[in-house]
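A.B. asks: Mind having a look at this structure? Questions to follow.
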Amino acid sequence: RTHYTFTDVSTSFLTRAETHFAAYDFVEYAAFDLDRDPAEQGLAAGGFDLVVASNALHTAADLRASLRRVRSLLAPGGQLLAFETHDAQTLAPVFGALDSFYAHTDRDLRPDSLLLPRDEWPRLLVECGFDAVTRTGDDEPPLREGWSVFLASAAAEAAAEEAALPGADGAGAYLVVAERASELPLARALGETLAERGAGTVRTVPLPDRPEEWEALLTEAVTGAEP
């Protein structure tokens, strides 16, 4: 019932991730550049309930613009969970020889390095369309300025875009399956929405118990035959 999209700016990391998570069929893989429009990269606006970013957000050339792009990916009330390092001296021995370590363009926001100080993150997240920002990490120096974990919600007024639904080309057949009887009303509502948008043949059914029942349902969906 949960679907994950693993992303990285480099396709080489996608290959490694696909090998590592090969046992999990609910994970898909996609290249994603924080400095480009998500829609151009095949990621639907409002299509995600949770975005997890581990030491990744600061790599953007323009942090404000990238945070707004991330916010646009979240459904209303969706969550951003981010881990961020704040001390440039920690990363410089590893990444300091790379041009990308100095390639950020928002010098007014990050004048000294591509890393944003700990106490500036909550304000920036609110500015970029998030609310209910929670921050955790060590409260005592020297580790206080080392790293933080942030949890923030997509502000309702900033996340009004709808997730993309299947194209209205009138083709195809859809089975909307409710796992429990209590979920049938929601499944029917989804089926009606798909039908209204011209998504082809739509049927709403309870979850089958046996493989042969699945086979019969799929055959009926393809052939158009009624049960």
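The values are calculated or read from the model by the stated rules, or taken from the named source; none is laboratory data. Keep in mind that what you see is a predicted model, and the values were worked out from it rather than measured. Here Cβ is always computed from backbone atoms with ideal geometry, including for glycine, and neighbour counts include all displayed protein chains. Quick note on the areas: whole protein, heavy atoms, side chains included, nothing else; ligands and nucleic acids left out. Shrake-Rupley method; radii C 1.70, N 1.55, O 1.52, S 1.80 Å.
A.B. asks: Based on this model, can you work out whether Glu183 counts as closer than 16 Å to Arg1 by Cα, open to solvent by less than 70 Å² (accessible area, probe 1.4 Å) and either free of Cβ contacts under 8 Å to residues at least 12 places away in the same chain or out of contact with any strand residue (DSSP E or B) (no Cβ under 6 Å at 6 or more places or on another chain) (or both)?
C.D. replies: The answer is yes for Glu183.
Listed here are the residues, each with its yes/no results for (1) closer than 27 Å to Thr105 by Cα; (2) under 11 Å from the mean Cα position of the chain (by Cα); (3) in contact (Cβ under 8 Å) with a residue 12 or more places away in the chain; (4) buried (at least 18 other Cβ atoms within 10 Å of the Cβ).
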| site | (1), (2), (3), (4) |
| --- | --- |
| Tyr4 | no, yes, yes, no |
| Val9 | yes, no, yes, no |
| Phe32 | yes, yes, yes, yes |
| Gln41 | yes, no, no, no |
| Ala44 | yes, yes, yes, no |
| Leu50 | no, yes, yes, no |
| Ala56 | yes, no, yes, yes |
| Ala60 | yes, no, yes, yes |
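A.B. asks: May I pose another question? Collect the residues in the range 62-77 that are crowded, with 20+ Cβ neighbours inside 10 Å and touching a strand residue (DSSP E or B) at 6+ places or on another chain (Cβ under 8 Å), keeping them in residue-number order.
C.D. replies: Once the filter is applied, which keeps residues that are crowded, with 20+ Cβ neighbours inside 10 Å and touching a strand residue (DSSP E or B) at 6+ places or on another chain (Cβ under 8 Å), the range 62-77 yields Leu67, Val70, Arg71, Leu73, Leu74.
A.B. asks: Specify the residue that is nearest to Arg68 (Cα to Cα); the eligible residues are those in the range 1-49 that are of a type in the set (D, E, K, R) and in a helix (DSSP H, G or I).
C.D. replies: Glu40
A.B. asks: Shifting gears a bit: If a residue has to be open to solvent by 50 Å² or more (accessible area, probe 1.4 Å) and at pLDDT 75 or above to count, how many in the range 140-155 make the cut?
C.D. replies: 2
A.B. asks: Let me ask you something else. Of all residues being surrounded by 11 or more Cβ atoms within 10 Å (Cβ to Cβ) and within 22 Å of Ala82 (Cβ to Cβ) in the range 157-170, which is modelled with the lowest pLDDT? Just the residue, please.
C.D. replies: Ala159
A.B. asks: Considering each of Arg203, Arg188 in turn, give the residue that is within 22 Å of Arg1 (Cβ to Cβ), modelled with pLDDT of 80 or more and either in a loop (DSSP other than H, G, I, E, B) or open to solvent by less than 90 Å² (accessible area, probe 1.4 Å) (or both).
C.D. replies: Just a single option satisfies the conditions, and that option is Arg203.
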